[in-house]
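The values are calculated or read from the model by the stated rules, or taken from the named source; none is laboratory data. Keep in mind that this is a model prediction, so the values were computed, not measured. Methodologically, a virtual Cβ is constructed for each residue, glycine included, from the backbone with ideal geometry; neighbour enumeration extends over all protein chains shown.
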Amino acid sequence: MTSSGLGPLADGSKVVIIGGGPGGVATGLALTKIAQSMSRRVNICVIEGKQFSGEYHYNQCVGVLSPPIADLVEHELGLPFPDSLSQREITGYILHADGREIILDGETEPSIALRRIQFDNYMLEAARQRSIHVQSARATGLEFHDDRVVIYTENAPLDADVVIGAFGLDEGTGALFRHTVDYRPPPALDSIVTKYHPGEEVMQHFGNRIHAFLPRSPRIEFGGITPKGNHLIINIAGRSVDSEIMDIFLKMPEFHKVLPCFENAGHIDSGDLRFFKSRFPCGRAHNYSGNRFVMVGDASGLVRAFKGKGVTSAILTGIRAAQVILNHGISGYAFEEYHHANRDITDDLPIGQAVRLMTILAARLRLVGVAIRAAETDRGLRRALYDAVSAHQSYRKVVREGMTLSVIRALASALVTKA
(Lines give C-alpha, C1' and ligand atoms only; values in the text may rest on other atoms or scores of the structure.)
Protein backbone atom coordinates (compact mmCIF):
# COMPACT_ATOMS: atom_id res chain seq x y z
CA MET A 1 0.00 0.00 0.00
CA THR A 2 1.37 3.39 -0.93
CA SER A 3 1.59 6.35 1.45
CA SER A 4 -0.31 8.81 -0.79
CA GLY A 5 -3.45 10.27 0.75
CA LEU A 6 -2.44 9.12 4.24
CA GLY A 7 -1.83 12.55 5.74
CA PRO A 8 -4.12 14.38 8.17
CA LEU A 9 -7.78 14.08 7.20
CA ALA A 10 -8.86 16.77 4.77
CA ASP A 11 -12.21 18.52 4.61
CA GLY A 12 -14.94 16.07 3.59
CA SER A 13 -13.05 12.91 4.60
CA LYS A 14 -14.93 9.81 5.69
CA VAL A 15 -14.41 7.84 8.91
CA VAL A 16 -16.05 4.57 9.86
CA ILE A 17 -15.96 3.46 13.50
CA ILE A 18 -16.80 -0.18 14.22
CA GLY A 19 -18.31 -0.23 17.69
CA GLY A 20 -20.68 2.22 19.37
CA GLY A 21 -19.48 1.85 22.97
CA PRO A 22 -17.74 4.64 24.90
CA GLY A 23 -14.42 4.26 23.04
CA GLY A 24 -15.93 4.40 19.57
CA VAL A 25 -18.31 7.23 20.36
CA ALA A 26 -15.55 9.20 22.11
CA THR A 27 -13.43 8.89 18.98
CA GLY A 28 -16.27 10.21 16.82
CA LEU A 29 -17.10 13.08 19.17
CA ALA A 30 -13.44 14.07 19.48
CA LEU A 31 -13.02 13.98 15.68
CA THR A 32 -16.06 16.22 15.29
CA LYS A 33 -14.92 18.69 17.95
CA ILE A 34 -11.31 18.92 16.75
CA ALA A 35 -12.28 19.10 13.07
CA GLN A 36 -14.64 22.01 13.77
CA SER A 37 -11.82 23.87 15.50
CA MET A 38 -9.80 23.40 12.29
CA SER A 39 -12.70 24.48 10.06
CA ARG A 40 -12.92 21.00 8.56
CA ARG A 41 -15.89 18.74 8.06
CA VAL A 42 -15.47 15.02 8.68
CA ASN A 43 -18.23 12.54 7.78
CA ILE A 44 -18.41 9.91 10.51
CA CYS A 45 -20.39 6.68 10.65
CA VAL A 46 -20.55 4.44 13.72
CA ILE A 47 -21.50 0.80 13.13
CA GLU A 48 -23.17 -0.78 16.17
CA GLY A 49 -25.17 -4.02 16.22
CA LYS A 50 -26.56 -3.67 19.74
CA GLN A 51 -29.60 -1.61 20.68
CA PHE A 52 -28.81 0.43 23.79
CA SER A 53 -32.14 2.26 24.03
CA GLY A 54 -34.81 0.24 25.78
CA GLU A 55 -32.08 -1.78 27.55
CA TYR A 56 -32.64 -4.87 25.41
CA HIS A 57 -29.00 -5.87 25.78
CA TYR A 58 -27.19 -6.58 29.03
CA ASN A 59 -23.70 -5.12 29.36
CA GLN A 60 -21.45 -7.46 31.36
CA CYS A 61 -19.34 -4.56 32.63
CA VAL A 62 -19.65 -4.03 36.41
CA GLY A 63 -20.34 -0.37 35.66
CA VAL A 64 -17.94 1.56 37.86
CA LEU A 65 -16.43 4.57 36.09
CA SER A 66 -13.16 5.89 37.49
CA PRO A 67 -11.74 9.43 37.46
CA PRO A 68 -10.96 11.44 35.40
CA ILE A 69 -13.87 10.27 33.25
CA ALA A 70 -16.08 13.28 34.04
CA ASP A 71 -13.32 15.69 32.98
CA LEU A 72 -12.73 13.75 29.76
CA VAL A 73 -16.41 13.74 28.83
CA GLU A 74 -16.97 17.40 29.67
CA HIS A 75 -13.72 19.08 28.62
CA GLU A 76 -12.42 16.85 25.81
CA LEU A 77 -15.74 15.77 24.25
CA GLY A 78 -17.83 18.84 25.10
CA LEU A 79 -20.67 16.87 26.74
CA PRO A 80 -22.26 17.39 30.14
CA PHE A 81 -21.48 14.36 32.27
CA PRO A 82 -24.74 12.45 32.93
CA ASP A 83 -24.77 12.75 36.72
CA SER A 84 -28.43 11.70 36.73
CA LEU A 85 -27.35 8.18 35.73
CA SER A 86 -25.22 7.75 38.86
CA GLN A 87 -26.64 5.10 41.16
CA ARG A 88 -23.98 5.42 43.85
CA GLU A 89 -20.60 7.02 44.54
CA ILE A 90 -17.92 4.47 45.39
CA THR A 91 -15.89 5.96 48.24
CA GLY A 92 -13.59 3.06 49.08
CA TYR A 93 -12.83 -0.64 49.10
CA ILE A 94 -12.65 -3.49 51.59
CA LEU A 95 -9.98 -6.05 50.72
CA HIS A 96 -10.47 -9.65 51.88
CA ALA A 97 -7.77 -12.35 51.91
CA ASP A 98 -6.63 -15.18 54.21
CA GLY A 99 -9.45 -14.57 56.67
CA ARG A 100 -8.47 -10.92 57.13
CA GLU A 101 -9.91 -7.70 55.80
CA ILE A 102 -8.93 -4.05 55.64
CA ILE A 103 -10.84 -0.88 54.76
CA LEU A 104 -9.12 1.13 52.03
CA ASP A 105 -10.37 4.69 51.70
CA GLY A 106 -8.56 7.18 49.50
CA GLU A 107 -8.51 10.93 49.32
CA THR A 108 -9.26 11.06 45.61
CA GLU A 109 -12.45 11.77 43.68
CA PRO A 110 -14.91 8.87 44.10
CA SER A 111 -15.77 6.49 41.29
CA ILE A 112 -19.31 6.40 39.89
CA ALA A 113 -21.49 3.28 39.84
CA LEU A 114 -24.12 3.22 37.11
CA ARG A 115 -25.73 0.97 34.53
CA ARG A 116 -23.40 0.73 31.55
CA ILE A 117 -26.21 0.24 29.05
CA GLN A 118 -27.67 3.60 30.10
CA PHE A 119 -24.31 5.35 29.86
CA ASP A 120 -23.65 3.79 26.44
CA ASN A 121 -27.07 4.94 25.24
CA TYR A 122 -26.41 8.49 26.49
CA MET A 123 -23.11 8.63 24.62
CA LEU A 124 -24.54 7.21 21.39
CA GLU A 125 -27.50 9.62 21.43
CA ALA A 126 -25.04 12.50 21.94
CA ALA A 127 -23.20 11.31 18.82
CA ARG A 128 -26.42 11.36 16.80
CA GLN A 129 -27.16 14.89 17.99
CA ARG A 130 -23.76 15.96 16.65
CA SER A 131 -24.60 14.64 13.17
CA ILE A 132 -22.65 11.39 13.53
CA HIS A 133 -24.48 8.71 11.56
CA VAL A 134 -25.19 5.50 13.47
CA GLN A 135 -25.80 2.38 11.39
CA SER A 136 -27.53 -0.46 13.24
CA ALA A 137 -25.68 -3.44 11.84
CA ARG A 138 -22.61 -5.61 12.20
CA ALA A 139 -19.50 -5.39 10.06
CA THR A 140 -19.12 -8.51 7.89
CA GLY A 141 -16.03 -7.81 5.79
CA LEU A 142 -13.10 -5.45 5.16
CA GLU A 143 -11.05 -4.48 2.12
CA PHE A 144 -8.02 -2.22 2.33
CA HIS A 145 -7.04 -0.33 -0.83
CA ASP A 146 -4.47 2.36 -1.55
CA ASP A 147 -7.11 5.08 -1.60
CA ARG A 148 -9.83 3.81 0.74
CA VAL A 149 -11.19 1.12 3.04
CA VAL A 150 -14.37 -0.79 2.15
CA ILE A 151 -16.43 -1.94 5.11
CA TYR A 152 -19.13 -4.49 4.36
CA THR A 153 -22.06 -4.65 6.76
CA GLU A 154 -25.34 -6.49 7.15
CA ASN A 155 -26.86 -3.44 5.45
CA ALA A 156 -25.12 -1.31 2.83
CA PRO A 157 -21.33 -1.29 2.26
CA LEU A 158 -19.38 1.79 3.31
CA ASP A 159 -16.27 3.51 1.97
CA ALA A 160 -13.91 5.33 4.34
CA ASP A 161 -10.54 7.03 4.41
CA VAL A 162 -9.82 5.36 7.75
CA VAL A 163 -11.51 2.71 9.89
CA ILE A 164 -11.38 2.69 13.67
CA GLY A 165 -11.77 -0.54 15.62
CA ALA A 166 -13.72 0.03 18.83
CA PHE A 167 -15.31 -3.41 19.02
CA GLY A 168 -13.92 -4.54 22.37
CA LEU A 169 -13.08 -8.25 22.32
CA ASP A 170 -15.75 -9.22 19.80
CA GLU A 171 -14.26 -12.29 18.15
CA GLY A 172 -16.14 -11.93 14.86
CA THR A 173 -14.98 -8.39 14.19
CA GLY A 174 -11.50 -9.21 15.42
CA ALA A 175 -11.34 -11.99 12.85
CA LEU A 176 -12.11 -9.51 10.05
CA PHE A 177 -9.02 -7.49 10.96
CA ARG A 178 -6.94 -10.60 11.54
CA HIS A 179 -7.60 -11.79 8.00
CA THR A 180 -6.82 -8.42 6.39
CA VAL A 181 -4.11 -6.70 8.46
CA ASP A 182 -2.73 -9.48 10.72
CA TYR A 183 -4.29 -7.97 13.83
CA ARG A 184 -4.22 -10.17 16.93
CA PRO A 185 -6.52 -9.46 19.89
CA PRO A 186 -5.01 -8.81 23.32
CA PRO A 187 -4.62 -11.58 25.92
CA ALA A 188 -7.71 -11.63 28.10
CA LEU A 189 -9.28 -12.97 31.28
CA ASP A 190 -12.75 -14.46 31.62
CA SER A 191 -15.31 -12.87 33.89
CA ILE A 192 -18.61 -14.12 35.30
CA VAL A 193 -21.07 -11.44 36.44
CA THR A 194 -24.38 -11.67 38.24
CA LYS A 195 -26.64 -9.44 40.32
CA TYR A 196 -28.48 -9.87 43.60
CA HIS A 197 -31.24 -7.80 45.26
CA PRO A 198 -30.77 -8.33 49.03
CA GLY A 199 -33.42 -5.85 50.11
CA GLU A 200 -33.40 -2.23 51.21
CA GLU A 201 -32.12 -2.87 54.75
CA VAL A 202 -29.09 -4.82 53.55
CA MET A 203 -28.31 -2.23 50.88
CA GLN A 204 -28.36 0.59 53.44
CA HIS A 205 -26.05 -1.37 55.72
CA PHE A 206 -23.74 -2.38 52.87
CA GLY A 207 -22.59 1.19 52.26
CA ASN A 208 -20.59 2.71 49.40
CA ARG A 209 -17.52 0.48 49.36
CA ILE A 210 -16.66 -2.34 46.96
CA HIS A 211 -15.63 -5.60 48.61
CA ALA A 212 -12.66 -7.13 46.78
CA PHE A 213 -11.57 -10.74 47.33
CA LEU A 214 -8.25 -12.47 46.63
CA PRO A 215 -9.08 -16.12 47.31
CA ARG A 216 -6.59 -18.98 47.29
CA SER A 217 -8.47 -20.77 44.51
CA PRO A 218 -6.14 -21.33 41.51
CA ARG A 219 -9.06 -20.64 39.17
CA ILE A 220 -10.16 -17.28 40.62
CA GLU A 221 -7.79 -14.32 40.36
CA PHE A 222 -10.16 -11.97 42.12
CA GLY A 223 -13.79 -11.47 43.02
CA GLY A 224 -15.90 -8.49 43.94
CA ILE A 225 -19.22 -7.29 45.34
CA THR A 226 -20.18 -3.84 44.08
CA PRO A 227 -23.15 -1.83 45.42
CA LYS A 228 -25.40 -0.22 42.83
CA GLY A 229 -28.79 1.49 43.28
CA ASN A 230 -30.98 -1.26 44.77
CA HIS A 231 -28.83 -4.31 44.11
CA LEU A 232 -25.33 -5.76 44.25
CA ILE A 233 -23.14 -6.81 41.33
CA ILE A 234 -21.10 -9.93 42.06
CA ASN A 235 -18.23 -10.87 39.75
CA ILE A 236 -15.19 -13.10 39.51
CA ALA A 237 -12.32 -13.18 37.02
CA GLY A 238 -9.66 -15.66 35.97
CA ARG A 239 -8.11 -17.47 33.03
CA SER A 240 -11.00 -19.92 32.64
CA VAL A 241 -13.76 -19.15 35.13
CA ASP A 242 -17.21 -20.56 34.48
CA SER A 243 -20.58 -21.01 36.18
CA GLU A 244 -19.27 -23.83 38.42
CA ILE A 245 -16.42 -21.64 39.64
CA MET A 246 -18.90 -18.85 40.36
CA ASP A 247 -20.97 -21.31 42.40
CA ILE A 248 -17.84 -22.12 44.42
CA PHE A 249 -17.17 -18.42 45.02
CA LEU A 250 -20.75 -17.86 46.19
CA LYS A 251 -20.27 -20.61 48.81
CA MET A 252 -16.96 -19.31 50.20
CA PRO A 253 -17.03 -18.41 53.92
CA GLU A 254 -15.51 -14.97 53.27
CA PHE A 255 -18.33 -14.21 50.82
CA HIS A 256 -21.00 -15.18 53.36
CA LYS A 257 -19.25 -13.16 56.04
CA VAL A 258 -19.98 -10.08 53.94
CA LEU A 259 -23.49 -11.22 52.96
CA PRO A 260 -24.82 -13.52 55.70
CA CYS A 261 -28.32 -13.00 54.29
CA PHE A 262 -27.31 -14.71 51.05
CA GLU A 263 -27.22 -18.24 52.48
CA ASN A 264 -30.85 -18.10 53.56
CA ALA A 265 -32.08 -15.95 50.70
CA GLY A 266 -35.61 -17.09 50.04
CA HIS A 267 -36.64 -13.95 48.21
CA ILE A 268 -34.43 -14.15 45.13
CA ASP A 269 -35.67 -11.74 42.49
CA SER A 270 -36.66 -13.39 39.21
CA GLY A 271 -33.79 -11.58 37.49
CA ASP A 272 -31.21 -12.40 40.17
CA LEU A 273 -28.28 -14.78 39.97
CA ARG A 274 -28.40 -15.21 36.23
CA PHE A 275 -24.80 -15.55 35.11
CA PHE A 276 -23.33 -13.54 32.25
CA LYS A 277 -19.90 -14.24 30.82
CA SER A 278 -17.51 -11.72 29.33
CA ARG A 279 -13.81 -11.12 28.83
CA PHE A 280 -11.49 -8.19 29.39
CA PRO A 281 -7.93 -7.58 28.18
CA CYS A 282 -4.84 -7.95 30.35
CA GLY A 283 -2.21 -6.97 27.75
CA ARG A 284 -1.68 -5.25 24.40
CA ALA A 285 -3.03 -6.40 21.06
CA HIS A 286 -0.67 -7.18 18.18
CA ASN A 287 -0.62 -4.87 15.15
CA TYR A 288 -3.37 -2.56 16.40
CA SER A 289 -2.57 0.26 13.98
CA GLY A 290 -1.39 0.65 10.41
CA ASN A 291 -2.25 2.32 7.12
CA ARG A 292 -5.87 3.45 7.34
CA PHE A 293 -6.76 1.66 10.61
CA VAL A 294 -6.31 2.02 14.38
CA MET A 295 -7.83 0.30 17.43
CA VAL A 296 -9.01 2.01 20.60
CA GLY A 297 -10.09 0.76 24.03
CA ASP A 298 -10.27 -2.98 24.73
CA ALA A 299 -9.62 -3.86 21.08
CA SER A 300 -6.14 -2.34 21.41
CA GLY A 301 -5.46 -3.75 24.86
CA LEU A 302 -4.50 -0.25 26.00
CA VAL A 303 -6.06 -0.65 29.42
CA ARG A 304 -4.88 -1.26 32.95
CA ALA A 305 -3.28 -4.70 33.23
CA PHE A 306 -5.23 -5.70 36.35
CA LYS A 307 -8.96 -4.92 36.05
CA GLY A 308 -9.89 -1.25 36.26
CA LYS A 309 -10.47 1.95 34.27
CA GLY A 310 -11.71 0.14 31.16
CA VAL A 311 -14.26 2.78 30.13
CA THR A 312 -11.96 5.66 31.06
CA SER A 313 -9.12 4.14 29.03
CA ALA A 314 -11.43 3.56 26.07
CA ILE A 315 -12.49 7.20 26.02
CA LEU A 316 -8.93 8.43 26.53
CA THR A 317 -7.49 6.30 23.70
CA GLY A 318 -10.37 7.36 21.44
CA ILE A 319 -9.55 11.03 22.04
CA ARG A 320 -5.87 10.40 21.37
CA ALA A 321 -6.63 8.52 18.15
CA ALA A 322 -8.75 11.44 16.93
CA GLN A 323 -5.96 13.91 17.69
CA VAL A 324 -3.44 11.86 15.72
CA ILE A 325 -5.79 11.34 12.75
CA LEU A 326 -6.43 15.06 12.33
CA ASN A 327 -2.98 16.37 13.23
CA HIS A 328 -0.60 13.71 11.89
CA GLY A 329 -2.39 11.39 9.50
CA ILE A 330 -3.74 7.90 8.96
CA SER A 331 -0.61 5.99 7.89
CA GLY A 332 1.13 3.38 9.97
CA TYR A 333 3.95 5.89 10.41
CA ALA A 334 1.55 8.61 11.60
CA PHE A 335 0.02 6.25 14.13
CA GLU A 336 3.42 5.96 15.81
CA GLU A 337 2.29 9.23 17.38
CA TYR A 338 -0.69 7.33 18.79
CA HIS A 339 1.67 4.79 20.34
CA HIS A 340 3.73 7.61 21.80
CA ALA A 341 0.64 9.36 23.18
CA ASN A 342 -0.32 6.17 25.02
CA ARG A 343 3.05 5.57 26.64
CA ASP A 344 1.55 6.32 30.06
CA ILE A 345 -0.46 3.11 29.53
CA THR A 346 2.06 0.96 27.67
CA ASP A 347 5.00 1.79 29.95
CA ASP A 348 2.90 0.80 32.95
CA LEU A 349 1.61 -2.48 31.46
CA PRO A 350 4.72 -4.61 32.21
CA ILE A 351 4.77 -3.37 35.79
CA GLY A 352 1.05 -4.06 36.14
CA GLN A 353 1.45 -7.56 34.71
CA ALA A 354 4.28 -8.25 37.17
CA VAL A 355 2.14 -6.98 40.06
CA ARG A 356 -0.72 -9.19 38.87
CA LEU A 357 1.48 -12.31 38.84
CA MET A 358 2.95 -11.46 42.24
CA THR A 359 -0.56 -10.94 43.66
CA ILE A 360 -1.69 -14.33 42.33
CA LEU A 361 1.36 -16.02 43.86
CA ALA A 362 0.92 -14.18 47.17
CA ALA A 363 -2.72 -15.26 47.33
CA ARG A 364 -1.75 -18.90 46.76
CA LEU A 365 0.93 -18.72 49.47
CA ARG A 366 -1.38 -16.94 51.94
CA LEU A 367 0.85 -13.87 51.96
CA VAL A 368 -1.81 -11.30 51.14
CA GLY A 369 -3.02 -11.60 54.71
CA VAL A 370 0.49 -10.66 55.81
CA ALA A 371 0.30 -7.52 53.69
CA ILE A 372 -3.10 -6.67 55.17
CA ARG A 373 -1.74 -7.08 58.70
CA ALA A 374 1.20 -4.83 57.85
CA ALA A 375 -1.06 -2.24 56.23
CA GLU A 376 -3.08 -1.95 59.44
CA THR A 377 -0.13 -0.12 60.98
CA ASP A 378 1.63 1.37 57.95
CA ARG A 379 -0.12 4.23 56.17
CA GLY A 380 2.13 4.05 53.08
CA LEU A 381 1.30 0.40 52.43
CA ARG A 382 -2.38 1.09 53.03
CA ARG A 383 -2.24 3.86 50.42
CA ALA A 384 -0.43 1.57 47.96
CA LEU A 385 -3.09 -1.12 48.40
CA TYR A 386 -5.83 1.44 47.83
CA ASP A 387 -4.18 2.71 44.64
CA ALA A 388 -3.70 -0.86 43.38
CA VAL A 389 -7.29 -1.93 44.06
CA SER A 390 -8.99 1.32 42.98
CA ALA A 391 -6.95 1.82 39.76
CA HIS A 392 -6.62 5.51 40.63
CA GLN A 393 -2.82 5.52 40.25
CA SER A 394 -0.27 3.88 37.95
CA TYR A 395 1.39 0.63 38.98
CA ARG A 396 4.71 2.44 38.85
CA LYS A 397 3.46 4.70 41.65
CA VAL A 398 1.96 1.74 43.53
CA VAL A 399 5.30 -0.11 43.49
CA ARG A 400 7.16 3.04 44.52
CA GLU A 401 4.79 3.53 47.45
CA GLY A 402 5.14 -0.13 48.42
CA MET A 403 8.95 -0.24 48.43
CA THR A 404 9.71 2.32 51.13
CA LEU A 405 11.76 1.37 54.17
CA SER A 406 8.78 1.73 56.50
CA VAL A 407 6.68 -0.60 54.34
CA ILE A 408 9.43 -3.22 54.21
CA ARG A 409 9.77 -3.07 58.00
CA ALA A 410 6.01 -3.42 58.46
CA LEU A 411 5.90 -6.42 56.10
CA ALA A 412 8.83 -8.07 57.85
CA SER A 413 7.20 -7.58 61.25
CA ALA A 414 3.87 -8.99 60.00
CA LEU A 415 5.67 -11.96 58.45
CA VAL A 416 7.46 -12.74 61.73
CA THR A 417 4.15 -12.50 63.58
CA LYS A 418 2.55 -14.90 61.09
CA ALA A 419 5.41 -17.38 61.51
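Side notes on the structure shown:
- Spans of helices (runs of 4 or more DSSP H) in region 306-348 with at least 2 residues among the acidic types (Asp, Glu) and at pLDDT 95 or above: 336-341
- Residues that are modelled with pLDDT of 95 or more and under 22 Å from Ser66 (Cβ atoms) do not occur anywhere in region 352-367.
- Among the conditions (1) touching a Pro at 6+ places or on another chain (Cβ under 8 Å); (2) assigned by TED's automatic domain parsing to the domain that holds Gly49, the only one that Ile90 does not satisfy is (2).
- Against the numbered list (1) surrounded by fewer than 18 Cβ atoms within 10 Å (Cβ to Cβ); (2) in a loop (DSSP other than H, G, I, E, B), His392 comes up short only at (1).
- Scanning region 135-188 for residues that are more than 13 Å from Val294 (Cα to Cα), β-branched (Val, Ile, Thr) and assigned to a strand (DSSP E or B) returns Thr140, Val150, Ile151, Thr153.
- Within region 338-371, the set of residues being touching a Lys or Arg at 6+ places or on another chain (Cβ under 9 Å) and under 23 Å from Pro186 (Cβ atoms) comprises Tyr338, Ala341, Asn342, Ile345, Thr346, Asp347, Asp348, Leu349, Ile351, Gly352.
- Neighbours by Cβ (under 6 Å, 6+ apart or cross-chain): first from region 354-382, within 15 Å of Ile103 (Cα to Cα) and not assigned by TED's automatic domain parsing to the domain that holds Ser217; second of a type outside the set (A, V, I, L, M) and buried (at least 19 other Cβ atoms within 10 Å of the Cβ): Val368/Asp98; Gly369/Asp98; Ala375/Arg382; Gly380/Glu401
- Strands (runs of 3 or more DSSP E) fully within region 3-107 counting 2 or more residues that are farther than 30 Å from Glu171 by Cα and touching a strand residue (DSSP E or B) at 6+ places or on another chain (Cβ under 8 Å): 88-90, 92-97, 100-105
- One residue alone among Ile164, Ile112 is of a type in the set (Val, Ile, Thr), surrounded by 19 or more Cβ atoms within 10 Å (Cβ to Cβ) and farther than 30 Å from Ala10 by Cβ, and that residue is Ile112.
- In summary, Glu263 fulfils each of the numbered conditions (1) touching a helix residue (DSSP H, G or I) at 6+ places or on another chain (Cβ under 7 Å); (2) among the acidic types (Asp, Glu); (3) buried (at least 18 other Cβ atoms within 10 Å of the Cβ) with the single exception of condition (3).
- Unique match (being out of contact with any Phe, Trp or Tyr (no Cβ under 7 Å at 6 or more places or on another chain) and either of a type in the set (Asp, Glu) or over 22 Å from Glu143 (Cβ atoms) (or both)) among Leu31, Leu9: Leu31
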